[in-house]
1. In the list F290, F324, which residue meets the criterion of being touching a strand residue (DSSP E or B) at 6+ places or on another chain (Cβ under 7 Å) and open to solvent by 80 Å² or more (accessible area, probe 1.4 Å)?
2. Take the residues of the stretch 128-137 that are buried (at least 22 other Cβ atoms within 10 Å of the Cβ) and closer than 20 Å to Q241 by Cβ: which is nearest to the chain's Cα centre (by Cα)?
3. Please list, ordered by first then second residue, the pairs with beta carbon atoms under 6 Å, 6 or more apart or interchain, first in the stretch 276-300 and modelled with pLDDT of 60 or more, second part of a loop (DSSP other than H, G, I, E, B) and surrounded by fewer than 17 Cβ atoms within 10 Å (Cβ to Cβ).
4. Looking at F295 and the list (1) under 30 Å from R47 (Cα atoms); (2) more than 18 Å from the chain's Cα centre (by Cα); (3) open to solvent by 30 Å² or more (accessible area, probe 1.4 Å), which single condition is not satisfied?
5. Taking the stated definitions as given, is K343 open to solvent by 50 Å² or more (accessible area, probe 1.4 Å) and closer than 25 Å to L256 by Cα?
6. Hey, among L16, L43, which residue is more than 19 Å from A136 (Cα to Cα) and open to solvent by 40 Å² or more (accessible area, probe 1.4 Å)?
7. Would you confirm whether or not the stretch 178-196 contains a residue that is modelled with pLDDT of 80 or more and closer than 25 Å to L97 by Cβ?
8. Kindly evaluate R153 against the criterion of being more than 23 Å from N309 (Cβ to Cβ) and assigned to a loop (DSSP other than H, G, I, E, B).
Amino acid sequence: ARLQAVLTACEADRVLWRETYRCDAEYFYPASTVKLCVAVAALHVLRRAKVAGLGITTPLAFHYSQAGRDSGGSRGGPASVQLKADETNRKDGALTLGHLIRNVFLVSSNGAFNLLLDFVGRATLDRFLRRCLGFAHFRIPDYFEDKEFGPTRGMRLLGVEVAPGAADSVGVKCGDDFAGLLLEGLDEPSSEEDAGPLFESFFVGEKHIEALEEGEGEGGGAGEVLDGGRVLIHSPKDFSQKHRASLVELQDFLMLVTRPDLAPCGATWRHRRRRRRQMMEEEEEDVLSFSDRMFLLDVMAMKPTDSSNPRYSPRDYCSDWNKFFLEGVRKARSDKAFKIYNKLGQVRPASSPALDFYSLSLARSLEPFQCVRLI
């Protein structure tokens with residue numbers, strides 16, 4: 001069994017206890033839970049960049065180059081691609097950081113995540129998580145697949161235009177150009193930040209399914225051709241180049257975002273608190289400003305069908321699509337007695353049509369004298 005679990009109970013301003021089961025015993029794919037890290041990093045670098053006129057509701061245009069295509073879309077030299085529209089934004093169809101973050105939490109939009117990742121930059125994100133916050137084992141290097149919205153592999157961000165079309169429109173070189181903002185005043189990384197690999201192996205399963213490569217025919221490649229442009233390969237899947245995280249660090253990151261008031265629980269937390277204090281300027285209290293934290297908590301607690309912009313139909317998303325509540329628990333306590341702040345992740349096992357679910361969640365009782373539980 002590859003089951004791993006961590007449960008932390010808190011009350012008021014202190015951690016009561018933490019229980020783990022096989023935590024980080026072997027590699028697991030964190031799926032969309034890592035989108036929380038990129039959303040927080042986007043809000044943080046946006047505040048520290050202090051670009052005039054740039055906020056979470058400012059219309060943006062992302063400018064990309066795409067190698068191998070000309071301006072007409074046929075094969076040729078690099079082409080320029082502009083992304084500035086978001087059809088889910090019912091207000092004006094503009095693409096904004098705030099709306100991207102809402103879609104990341106409401107429906108786990110891969111395209112919205114990909115744009116946020118480019119806005120922050122891979123190197124900036126790595127420094128934010130490791131150098132600034134002391135999380136040693138996150139690795140978030142790549143896009144999630146989305147053919148309908150956002151950038152795709154092979155596209156390179158050139159810059160972001162703020163308020164495109166306006167008389168005062170300006171261009172911003174963001175992405176990894178933000179990285180320097182996060183190193184001002186920081187000392188050299190400690191040995192804890194230079195921790196070695198968490199997992200010995202990144203091979204999972206006995207077989208896995210891949211997309212059929214262009215040009216492969218029946219029986220081509222090293223696997224068994226299936227329908228739908230897929231091939232079944234009879235060997236473990238290699239996740240060494242995929243996203244990775246420690247289960248404990250995922251929960252600690254959630255605690256940092258949702259309950260920054262909690263007392264440290266051990267040397268690791270004390271180290272991270274020290275790094276955060278060193279990172280922040282005197283006038284800044286935490287990783288997120290109060291208004292950014294309230295915005296994030298609001299959208300983390302929302303169900304897709306509760307949102308007015310973007311609006312999602314109950315036909316496409318059930319009422320508890322991203323707020324799963326066990327039926328057995330519901331018989332004892334109504335789900336209306338809790339408010340859940342979470343980022344859901346879903347994984348389709350390599351050789352099965354079923355889904356595995358990961359829920360990185362904080363459930364807060366709305367009744368008095370109840371513990372906060374981190375699941």
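The values are calculated or read from the model by the stated rules, or taken from the named source; none is laboratory data. Everything quoted here is computed from the prediction, not taken from an experiment. Cβ placement follows ideal geometry from the backbone for every residue including glycine, while neighbour counts extend to all protein chains displayed. These accessible areas exclude ligands, DNA and RNA; they are computed on the full protein's heavy atoms, side chains included. Shrake-Rupley method; radii C 1.70, N 1.55, O 1.52, S 1.80 Å.
1. After applying the criteria, what remains is F324.
2. Here the residue is L129.
3. From residues that are modelled with pLDDT of 60 or more, the pairs are D286/P260.
4. Result: F295 passes all but (2).
5. No; evaluated as a whole, the condition is false for this residue.
6. Testing whether each residue is more than 19 Å from A136 (Cα to Cα) and open to solvent by 40 Å² or more (accessible area, probe 1.4 Å) leaves just L16.
7. Taking every residue of the stretch 178-196 in turn, at least one turns out to be modelled with pLDDT of 80 or more and closer than 25 Å to L97 by Cβ.
8. Values: more than 23 Å from N309 (Cβ to Cβ): yes; assigned to a loop (DSSP other than H, G, I, E, B): yes.
Yes: the conditions hold for R153.
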